[in-house]
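Inspection log for the structure reproduced underneath, given as structure tokens.
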Amino acid sequence: MSENLAVVEEIYDSKRIFNLNEIRKDFPILSREVNGKPLVYLDNAASSQKPQSVIDAVTHFYTHENANIHRGLHFLSEYATESYESARLKVKEHINAMSVSEIIFVRSATEAINLVSNSLGDMNFFDEGDEIIISTMEHHANIVPWQMLAKKKNLLLKIVPINDKGEIIFEEFEKLISEKTKLVSIVHVSNALGTINPVREIIKTAHSFNIPVLLDGAQAMPHFKVDVQSLDCDFYVFSGHKMYGPTGIGILYGKTFYLDKMPPYQGGGDMIREVTFEKTTYDDLPHKFEAGTPNIAGGIGLGAAIDYFNQFDEIDMLNHENEILKYVTEKMSEIEGLRIIGTAENKSAVVSFVIDDIHPYDIGTIIDTDGIAIRTGHHCTQPLNKFFGLPATARASFAFYNTLEEVDKLIKGIYKVKRMFS
Amino acid sequence: MTIQQNQDEIIEEFESCLDWEDKYALVIKYGRELEPLPEQHRIEKNKLSGCQSQVWINAEFVDGKVKLQADSDATIVKGLISLLVKVYSNQTPEDILSTPPHFIKKIGIDNHLSPTRKNGLGSMLKQIQMYAVAFKAMGTK
């Protein structure tokens with residue numbers, strides 16, 4: 001009897017088998033055509049596609065559960081609140097935060113960084129002349145908010161240099177730390193290069209000087225599980241739509257130690273305890289940071305995306321993505337005149353590239369006629385582009401649902417581009 | 001040739017294209033045949049701002065007509081601007097402003113008009129029309 005129970009338990013514990021054909025059927029958009037050809041979607045770093053379960057969760061909410069949350073005591077309002085808060089719990093468990101009060105729902109990773117920069121700015125966390133460290137490979141979302149704050153508070157932004165492979169030069173990072181350094185804000189995985197940064201070491205070093213660290217995890221979350229307690233980061237931000245969830249929803253994780261002391265970023269409904277015309281007292285975490293009616297359906301959809309992701313063994317997904325990365329890198333290396341930008345040892349499935357004498361706009365336009373979606377341009381990392389001396393690159397970014405056959409189509413498309421512009 | 005005649009010529013030429021590849025091959029050919037932009041006109045003032053590629057458009061008002069010269073670092077964009085130059089260069093500001101570029105839709109490159117295509121046909125067209133407006137004002141003074 002007990003043996004049978006153990007078997008049953010094992011079945012319930014086991015993860016879904018990583019079957020690419022089955023997985024692709026979960027994403028309805030992957031079976032559509034573009035320009036008369038089957039869609040080959042290789043722009044996942046810009047936004048990932050959504051499984052049916054996420055689409056269903058959003059539809060189900062509007063069809064059966066829609067009401068405002070945290071307000072009414074009527075059935076629907078309670079139900080909607082329950083769904084939304086259970087999504088928060090899923091996020092908390094997924095990233096292993098200490099408590100749900102450390103999970104703030106925001107609009108995007110960008111808004112999360114703006115929340116932190118504005119709130120820290122308002123609480124006089126920074127004194128004039130203090131320093132914030134970011135890196136050369138930051139997305140504009142992790143540059144501009146700090147630049148705005150630096151202008152307002154007279155702070156100095158210090159930039160960690162990178163090497164030609166697109167890796168942070170760790171010794172240079174250590175050298176940048178001074179007694180004026182108040183915050184380190186670094187991208188976990190680079191959107192333009194795919195570089196996975198040594199964030200554990202960065203955090204350890206920063207913490208040895210009592211400096212908190214914010215990680216921009218927008219490009220990490222779609223690829224692997226992140227444990228914020230194990231990393232010991234002080235803030236972690238990411239967006240829902242890049243990790244198979246809806247657009248318009250993002251997460252700010254922050255240690256209670258900081259969030260508790262930080263003042264609200266926006267004022268309004270749902271974030272207050274008591275309001276008089278003389279004075280307002282604020283609600284507890286996390287609601288203190290969530291003014292106004294939130295993106296309820298988006299939060300619920302993000303919860304469904306996390307459930308979907310967690311059906312699989314993370315190792316299966318990573319192995320598959322790494323196989324794609326290895327394959328596309330090998331194939332591209334055989335193409336004469338093609339140069340891969342970003343060749344870090346530790347890399348996620350993103351390949352930025354340029355081809356001699358062919359503009360990325362031309363590459364992207366021709367490839368699109370075969371239904372292949374890649375990104376071209378500066379990828380919102382203009383300082384990084386400047387480092388490599390390239391105003392624009394082409395980028396193919398992969399998700400676990402992409403196939404080696406799709407890589408073959410991309411490579412074929414690139415040869416076609418070369419032929420047309422030769 | 002009138003603007004209309006220029007457009008008709010382009011439409012006829014593109015009619016022979018069987019698929020996207022043919023169409024872009026022709027756009028690329030136009031790009032390669034575009035008269036080079038003199039170096040003195042490759043200046044910030046003539047540059048359209050955007051994120052995808054660099055585009056320069058220079059306009060001069062000669063004998064009551066707008067003379068256009070342009071360039072881009074992307075060949076397809078250069079081809080698109082070359083089509084606009086063929087249609088609108090050496091025409092009066094009045095004609096430029098009163099003749100919409102219906103050939104764009106006809107030859108099926110209107111996907112390049114979308115606002116997400118920074119430096120796409122839309123912003124180039126707007127720039128040409130703005131030159132025409134400015135020259136028209138000069139002409140009536």
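The values are calculated or read from the model by the stated rules, or taken from the named source; none is laboratory data. Predicted model, so just to flag it, every value in this text is computed and none were measured. Here Cβ is always computed from backbone atoms with ideal geometry, including for glycine, and neighbour counts include all displayed protein chains. The area values use the complete protein model at the heavy-atom level, side chains included, leaving out ligands, DNA and RNA. Shrake-Rupley method; radii C 1.70, N 1.55, O 1.52, S 1.80 Å.
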A:E345 passes all but one of (1) surrounded by fewer than 18 Cβ atoms within 10 Å (Cβ to Cβ); (2) away from chain B (no Cβ under 14 Å); (3) closer than 16 Å to A:L42 by Cα; which number fails? (3)
Looking only at residues that are open to solvent by 50 Å² or more (accessible area, probe 1.4 Å) and of a type in the set (A, V, I, L, M, F, W, C) in the stretch B:1-24, which one is modelled with the highest pLDDT? B:M1
Restricted to the stretch A:87-117 and to residues being assigned to a helix (DSSP H, G or I) and open to solvent by 50 Å² or more (accessible area, probe 1.4 Å), the residue farthest from A:G303 (Cα to Cα) is A:T110
Just need a number here: residues in the stretch A:326-366 that are assigned to a strand (DSSP E or B) and within 30 Å of B:V27 (Cβ to Cβ). 11
Just to be sure before I move on: is B:A70 in a strand (DSSP E or B) and on the phi < 0 side of the Ramachandran plot in the structure I sent? yes
Conditions first: (1) part of a helix (DSSP H, G or I); (2) at pLDDT below 95. A:G72 passes all but one, so which condition is the exception? (1)
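Please work out which residue is most open to solvent (accessible area, probe 1.4 Å), limiting yourself to the stretch B:34-76 and to residues that are within 9 Å of chain A (Cβ to nearest Cβ) and either in contact with an Asp or Glu (Cβ under 8 Å, 6 or more places away or on another chain) or at pLDDT 95 or above (or both).
Among residues in the stretch B:34-76 that are within 9 Å of chain A (Cβ to nearest Cβ) and either in contact with an Asp or Glu (Cβ under 8 Å, 6 or more places away or on another chain) or at pLDDT 95 or above (or both), the one most open to solvent (accessible area, probe 1.4 Å) is B:Q54.
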For the stretch A:356-373, enumerate the residues that are open to solvent by less than 10 Å² (accessible area, probe 1.4 Å) and more than 10 Å from every other protein chain (Cβ to nearest Cβ). A:I367, A:G371, A:I372
Among the residues of the stretch A:377-400 satisfying the criterion of being open to solvent by 20 Å² or more (accessible area, probe 1.4 Å) and outside any helix (DSSP H, G or I), which is farthest from the other protein chains (Cβ to nearest Cβ)? A:G389
Of these, A:A297, A:A291, which one is assigned by TED's automatic domain parsing to the domain that holds A:K225, out of contact with any strand residue (DSSP E or B) (no Cβ under 7 Å at 6 or more places or on another chain), at pLDDT 95 or above and hydrophobic (A, V, I, L, M, F, W, C)? A:A297
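Conditions tested, residue by residue: (1) in a helix (DSSP H, G or I); (2) touching a residue at least 40 places away in the same chain (Cβ under 8 Å).
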{"residue": "A:D270", "(1), (2)": "no, yes"}
{"residue": "A:E278", "(1), (2)": "no, no"}
{"residue": "A:G303", "(1), (2)": "yes, yes"}
{"residue": "A:I324", "(1), (2)": "yes, yes"}
Would you check which residues across the stretch A:288-302 are closer than 13 Å to A:H241 by Cβ and either open to solvent by 10 Å² or more (accessible area, probe 1.4 Å) or among the acidic types (D, E) (or both) and list them? A:N295
Is there a residue in the stretch A:309-318 that is more than 14 Å from every other protein chain (Cβ to nearest Cβ), without any contact (Cβ under 8 Å) to a residue 24 or more places away in the chain and under 29 Å from A:I168 (Cα atoms)? yes
Looking only at the stretch A:129-140, count how many residues are crowded, with 22+ Cβ neighbours inside 10 Å and in a helix (DSSP H, G or I). 0
